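Where a number appears in this text, it was derived from the coordinates with a stated rule and is not lab data. Keep in mind it's a predicted model, so treat the numbers as computed, not measured. Here Cβ is always computed from backbone atoms with ideal geometry, including for glycine, and neighbour counts include all displayed protein chains.
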2 protein chains.
Amino acid sequence: MSANSRLTIAAHVLTWMSMDQQGGRVATSDRIAESVQTNPVVIRRCLGELRAAGLVEARRGAGAGWRLTREPADVTLLDVYRAVEDGPLFAMHATPPNLGCPVGSGIRPALDGVYAGVEANLQKQLRATTIADLLDDINGRKMG
Amino acid sequence: MSANSRLTIAAHVLTWMSMDQQGGRVATSDRIAESVQTNPVVIRRCLGELRAAGLVEARRGAGAGWRLTREPADVTLLDVYRAVEDGPLFAMHATPPNLGCPVGSGIRPALDGVYAGVEANLQKQLRATTIADLLDDINGRKMG
DNA sequence: CCTTGTCGTAACCGATTTGGTTACAGTCGC
DNA sequence: GCGACTGTAACCAAATCGGTTACGACAAGG
């Protein structure tokens, strides 16, 4: 489906920050990029979207870095999804169908209902998992 | 999200064929393209995928065209989705994360669980709507 | 005040996907 | 054999994605 990895990267970043903040150090895009194994600019772009959504904040100047603005248990995957994804899951026709045809004029409202239900359900599911849950999952997996 | 319109187009095509077959005529890519308002080749590509999934069949030669192989009430949107979409909804990292980091090694299994649940739920929802339902929706909307 | 480390962006790149288009060979009923 | 339609290959412009380089903005610490 040509899906992107934005949600995955953003979740990775926030989870990493949650784990790191316990050590008291400052999270920089360079250190995060080490864990994600990508370019620091990619991380900064991601963090920029998360900041626009109010999930993180940045301190500039020397000794700068990033900080979570909420408790990991208060950040759901839906928050992250909304911060980094925009469009709908399924697109309608690229160019409008023939509205003179019953199917052409009726298929879009009909699918609208289905698609809306799908998206509502997706949001409900993403809301059920928090960054703290991911952290717990990782720690639990490490132990057992 | 850069979503594509494949599911929409395929649903449009099948719904159009369901409505058309009541008239007894043969469905051709040209006539379908009129309703979708796109190039007939786009329709043939779509129908080719639907044929590979066993949802339609083609007759070649003179007076050729396409036919549904199942009753519209027996074709769910999940069948259509599977016929025209391939990859997962959410992708993992484009390049693997640092497995030496606890988060890098644990985030993928953790997200795997979430993503699997999301996809299972998506399938459940798509299975709940059939081409016949779309047709009914369109006819009902036309009336009321 | 000036060095230093980091943020914040712009600009560009190659690869891939998407919808669209042209062209043409294959097929078969009439 | 004619004609109509399928089935594909080939190509295109636009958009997206992840990645990369480059550089200005900024502020803390010496």
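Within segment B:96-113, how many residues turn out to be more than 7 Å from every other protein chain (Cβ to nearest Cβ) and within 11 Å of residue A:8 (Cα to Cα)?
2
Here are the criteria: (1) within 12 Å of DNA strand C (Cβ to nearest atom); (2) away from every other protein chain (no Cβ under 12 Å); (3) of a type in the set (Gly, Ala, Ser); (4) under 18 Å from the mean Cα position of the chain (by Cα). Tell me which single one residue B:53 does not satisfy.
(1) is the only condition that residue B:53 fails.
Given the conditions (1) near DNA strand D (Cβ under 6 Å from one of its atoms); (2) in contact (Cβ under 8 Å) with a residue 40 or more places away in the chain, and given that residue B:28 satisfies all but one, which numbered condition is not satisfied?
That leaves (2) as the condition not met.
Suppose we filter segment A:99-126 for residues that are buried (at least 16 other Cβ atoms within 10 Å of the Cβ) and of a type outside the set (Lys, Arg); how many remain?
Within segment A:99-126, residues that are buried (at least 16 other Cβ atoms within 10 Å of the Cβ) and of a type outside the set (Lys, Arg) number 15.
Starting from residues that are within 12 Å of DNA strand C (Cβ to nearest atom) and crowded, with 22+ Cβ neighbours inside 10 Å, keep the ones in segment A:30-50 and report whichever is nearest to the other protein chains (Cβ to nearest Cβ).
Step by step, filter segment A:30-50, then rank; the result is A:32.
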